[in-house]
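Just below is one structure, and these are the notes that go with it.
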Amino acid sequence: MAELDAGMDRILLARGRAGEWLNRADSLDAMLKGRSNDHEVEKSRLEDLDMIKGISDFQTKQVALEAALKSYAQVQRMSLFQYVG
């Protein structure tokens, strides 16, 4: 009877490990499917970029950055008295 109990314990332990591995596999599968969907959405977004609008937005941001840098450089050259006056 003791051998049967020990055998049953080993079977239950093996079933527990198998269930644990199946849960891990399911979790990994769900995570990979989610990442795959995210990658497809990002790929679609990048491929569907309107080049004219993209270039226009880039140039607008570039002009704004240049203007900010020029005004910052001018402010840095002013002395405190020129700034106040």
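What follows draws every value from the coordinates through simple rules; no lab data is involved. Everything quoted here is computed from the prediction, not taken from an experiment. Reconstructed Cβ throughout: ideal geometry from the backbone, glycine too, with neighbour counts over all protein chains shown.
Taking 37 °C and 0.692 mPa s as the conditions, I'd like the Stokes-Einstein D for the chain in µm²/s, using the Kirkwood hydrodynamic radius from alpha carbon pairs. Please report the intermediate quantities before stating the final value.
Working: Rh = 20.0 Å.
After rounding, the answer is 164 µm²/s.
Need one number: nm distance between label points at Leu4 and Ser44, each 7 Å from Cα along Cα→Cβ, rounded to one decimal.
That separation, rounded to one decimal, is 6.0 nm.
Give the shape of the range 1-48 as rounded, prolate or oblate, defined through the alpha-carbon gyration tensor: a ≥ b ≥ c are the square roots of its eigenvalues, a/c under 1.5 means rounded, and otherwise the shape is prolate if a/b is larger than b/c and oblate if not.
Numbers: a/c = 12.45, a/b = 12.05, b/c = 1.03.
Taking the square roots of the gyration eigenvalues as a ≥ b ≥ c, the range 1-48 is prolate.
Once the Cα atoms of helix 51-77 and of the chain are each reduced to a long axis, what angle between those two axes, in degrees from 0 to 90 to the nearest 10, is obtained?
Tilt of helix 51-77: around 60 degrees.
Residue farthest toward the positive end of the dipole of the chain, with Cβ of Lys/Arg at +1 and Asp/Glu at -1: which of Ala6, Ser27, Ser44?
Going by the charge dipole, the pick is Ser44.
Cross-link candidates for Lys33: which lysines have Cα within less than 18 Å, leaving aside residues fewer than 8 places away along the same chain?
By straight Cα distance, Lys33 reaches Lys43.
Show that you can apply the helix-only estimate: for the chain, add -39,500 (n - 2.57) for every DSSP H stretch of four or more residues, divide by all residues, and state [θ] at 222 nm to the nearest 500. Walk me through the numbers on the way to the answer.
On the way: 3 runs with 78 residues, N = 85.
It lands at -32500 deg cm²/dmol.
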